[in-house]
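*Asks:* The structure's right below; bear with me while I get my questions together.
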Amino acid sequence: MKFEKEKFLSAVNDILRADYAAEMETATKKELYNAVSKAAMALAFDDWKKEKKSDKKRCGYFSAEFLMGRSIYSNLLNLGILDGAKEALKSIGKDLGEFEEVEDAALGNGGLGRLAACYLESAASSSLPLDGYGIRYRYGLFRQTFEDGFQHEEGDDWLKWGDPWSVRIDRDAVVVEFADQKVLAVPYDMPVFGYKNGVVNTLRLWSSEPVDAFDFEAFNDMKGEHTAEENFHATKITDVLYPNDNTMAGKILRLRQQYFLVSASLQDILAKDKAKGRKLSELDKYHCFQLNDTHPVIAIPELLRLLKNEGFSFEEAFSICSKCFNFTNHTIMAEALEKWDALALSDLLPDVYQEIVHCQERMSGEGLDPTKFFIIRDNVIHMANLAIYVAAKVNGVAEIHTNILKTDTFKEWNELYPEKFVNITNGITPRRWLLLNNPEMAKEIDARIGTEWHTDLKKLKNLKPYINEMLPAFTRIKGENKAKLAAYIKEHEGVEIPSHFIFDVQVKRLHEYKRQLLNALSILYFYYGIKDGTIEDFPPTAFIFGAKAAPGYYMAKAVIKFINEIANLVNSDAEVAPYMRVVFVQNYNVSYAEKIVCAADVSEQISMAGMEASGTGNMKFMLNGTVTLGTLDGANVEICEEAGRENNYIFGATVEEVAQVKKFYCPREVLENTIGLKRALETLIDGTFEDESGMLQKLYESLVAGFSPDRYLVLYDFADYVRVKEELLRDYGTEEFNKKCLVNLASAGKFSADRSVKDYAKLIWKIK
Ligand code: 26Q
């Protein structure tokens, strides 16, 4: 896009005058942010209109979560006007960097939601017609603080700065009906800009409102006084994102959210097709729908219901659905596979429930063994099974994960429908995760191999001949990024990290299977080793954590408390100060990740093998030239295939070993036989840390007591972890180590989300 500075500034000024009765000189930061954003958006309006009118087959990505982060910088980058806008603002004495105060749109919990955001950007950048459909939560993922080491949650008022990147489209509002309430679904459209290609797709987020702000019927019936209450119930549906990650809450309000999202989206899509004169019997010619995990799977019976209302028979409607829907699974954890109580669902959505029953009957009618294949059993509806039965394709998100789905989790289904199951390894957008977060590194790459890698990440391999020559620039820039992160951490967390320390990072949601506890115990092991002299010349290392725990997840919160206690112990000990620091950053989110990922020396990806479906943080670190310290789990396996196992630090039980070990696992035995482990573990109960809450005690018990102690083999993998970790830390700083970092960067091509969405387009969506 051609950028004309004067024209742009004058557009900004016009918006300031019209919307805020302000001008450049007098506008507040917030007003300026809104005006700059709106002016940029206006530049792409024609492209957006073109896309919205196009007749191509489109895919709808149905997702309860879109973890978009901050939009302004990535949007300006993709519009090709980031530098122009920076210059223009500078010329009037303003700094684009000040918009770093703008809140993230944290409309997602973690990996699954961020993946959806990356896919939207990559599809637009690859000129693929993909639109997102989601929920415009009034409050996104909670804001986290620590008080006395405990996590506290506050509401996330992400709209504080306004929402200039959305447009409310009242004319597209639809009514969504539950047995006990009717609400209005109002869409807010966010443009999704392709990278410098003139493509603008749409993320449509639905907001719930009362059907009539002032309900005349109720008023006439002399029931006017109920209106306020009805308002409250209506807006409540899209009030807040459920803060669970990989666990199931089973709350009815969540079911309302899910149905609200899919019903509004499908009604909207069908109405537009009808207005265009398209035949609904040919729905699959114009649309397909990707169901992002089980959360939007209720779209299947909803489309059946809508099509039957249009006069189709069940079989006709079923046939359409089986061509339109596809399903992605992101987790093998049984707790996270959505299940609904049949009675509750039939109470709330009787007609939808009937369609689920019809699916079940259809399945039985096919003579399938009901002990293996069921949708409803013991009055519980299994949404994953419904999705697999109806969907055209089912995919896992990394090779190893898809294999586990096929041979274990959904083994029977795979035997029944082997052609349904496919793998699409996850990816990340290289625009946000290298160009934008690490611009100096990007420039060094450009200088050597040109800019093609911006949209064809495989081209990074052309860096390989330059690795030796690029090492000084690489280490210099990494060093600068580390200094910047250290300053930010000092300001926001109050912890001093010398930037020559090794930055060893574990950032991701807090979950037992991700084993932040293993990392924590290793830190104590090193700490006591340094103190008692059994570990000499420990390489100075800062252990950096970032993670939110679901508010109701007791063990996860206990781990946060434990690590904060370790941080206190270590950071206030002058004797170890030359060797280590520990910091748990507060409110880890997308924007924090952008700062951390480009400054890390070690990427901790240490889940118990078989548990992490893919991971995408691992890819972000790799792309920024960071070695992985990890297990052979999720996409770590493919990272090693691409970059070479010798260039990463792999430890621990493999999936096969995990299965063997679990047969006769005795953690107490491991504890007795692992040097240094007991000392670290017993800090949980020996008074090293105050434990008024009893949380640390419970953490200890989870590892050694009860029916299935140490479910995630923390103790089992400890010795190997510590061994490989120490090896890594001792390698740090050598030329060989720096080369490993760059080999990782140069080998990250496979993990572009551009590749992922193209795989989806070809194998599943059949769109161009
Ligand atoms: C389910 C029911 C009720 C309440 C909440 C949920 C729920 C919410 C979020 C279940 C799961 C999630 C999120 C799962 C998730 O983020 N999975 C991650 O997906 C990434 C993208 O594919 C993978 O890289 C990660 O490995 C996987 O953990």
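The values are calculated or read from the model by the stated rules, or taken from the named source; none is laboratory data. Computed from a predicted model, the values in this text were never measured in an experiment. Cβ: placed from backbone, ideal geometry, glycine included. Neighbour counts: every protein chain shown.
*Asks:* I'd like the residue in segment 604-633 that is among the polar types (S, T, N, Q) and under 22 Å from D710 (Cβ atoms) and, out of all such residues, is farthest from the ligand (Cβ to nearest atom).
*Replies:* T631
*Asks:* Among the candidates N437, N385, which residue alone is touching an Asp or Glu at 6+ places or on another chain (Cβ under 6 Å) and over 20 Å from I639 (Cα atoms)?
*Replies:* N437
*Asks:* Let me ask something else about it. Specify the residue that is farthest from the chain's Cα centre (by Cα); the eligible residues are those in segment 266-298 that are in a helix (DSSP H, G or I) and of a type in the set (K, R).
*Replies:* The selected residue is K274.
*Asks:* Can you tell which of G132, G60 is farther than 28 Å from K561 by Cβ, within 16 Å of the ligand (Cβ to nearest atom) and assigned to a strand (DSSP E or B)?
*Replies:* After ruling out the rest, the residue left standing is G132.
*Asks:* In segment 449-473, how many are of a type outside the set (V, I, T) and closer than 26 Å to S756 by Cβ?
*Replies:* 13
*Asks:* Could you pull out every one of the helices (runs of 4 or more DSSP H) wholly within segment 407-526 that has 1 or more residues that are under 25 Å from T328 (Cβ atoms) and away from the ligand (no atom under 16 Å from the Cβ)?
*Replies:* Because the criterion is at least 1 residues that are under 25 Å from T328 (Cβ atoms) and away from the ligand (no atom under 16 Å from the Cβ), the helices (runs of 4 or more DSSP H) in segment 407-526 that meet it are 411-416.
*Asks:* Here is a check on your reading of the model: is G198 more than 21 Å from D268 (Cβ to Cβ) and buried (at least 19 other Cβ atoms within 10 Å of the Cβ)?
*Replies:* no
*Asks:* Checking the structure you have, find out if any residue of segment 289-308 is at pLDDT below 95, among the polar types (S, T, N, Q) and either on the phi < 0 side of the Ramachandran plot or away from the ligand (no atom under 16 Å from the Cβ) (or both).
*Replies:* Checking segment 289-308: not a single residue is at pLDDT below 95, among the polar types (S, T, N, Q) and either on the phi < 0 side of the Ramachandran plot or away from the ligand (no atom under 16 Å from the Cβ) (or both).
*Asks:* Same structure again: So which residues in segment 338-380 are polar (S, T, N, Q), within 19 Å of N414 (Cα to Cα) and touching a helix residue (DSSP H, G or I) at 6+ places or on another chain (Cβ under 8 Å)?
*Replies:* Matches in segment 338-380: none.
*Asks:* Quick check on my filter: what residues within segment 462-480 are surrounded by 14 or more Cβ atoms within 10 Å (Cβ to Cβ) and farther than 22 Å from T451 by Cα?
*Replies:* Once the filter is applied, which keeps residues that are surrounded by 14 or more Cβ atoms within 10 Å (Cβ to Cβ) and farther than 22 Å from T451 by Cα, segment 462-480 yields only E480.
*Asks:* Say whether the condition of being buried (at least 24 other Cβ atoms within 10 Å of the Cβ) and within 16 Å of the ligand (Cβ to nearest atom) is met by at least one residue in segment 560-567.
*Replies:* no
*Asks:* Suppose we keep only residues that are out of contact with any helix residue (DSSP H, G or I) (no Cβ under 7 Å at 6 or more places or on another chain) and touching a residue at least 12 places away in the same chain (Cβ under 8 Å) within segment 317-332. Which one would you say is surrounded by the most Cβ atoms within 10 Å (Cβ to Cβ)?
*Replies:* T328
*Asks:* Quick check on segment 16-26: of everything there that is modelled with pLDDT of 95 or more and surrounded by fewer than 22 Cβ atoms within 10 Å (Cβ to Cβ), which residue is nearest to S265 (Cα to Cα)?
*Replies:* D19
*Asks:* Considering only segment 97-127, how many residues are more than 9 Å from the ligand (Cβ to nearest atom) and in contact with a strand residue (DSSP E or B) (Cβ under 8 Å, 6 or more places away or on another chain)?
*Replies:* 12
*Asks:* Report those helices (runs of 4 or more DSSP H) wholly inside segment 547-625 carrying at least 1 residues which are in contact (Cβ under 8 Å) with a residue 60 or more places away in the chain, out of contact with any helix residue (DSSP H, G or I) (no Cβ under 8 Å at 6 or more places or on another chain) and farther than 20 Å from G111 by Cα.
*Replies:* Hits in segment 547-625: 554-571.
*Asks:* Right, here's the next one. Suppose we filter T247, T238 for residues that are within 16 Å of the ligand (Cβ to nearest atom) and at pLDDT below 95; which single one remains?
*Replies:* T247
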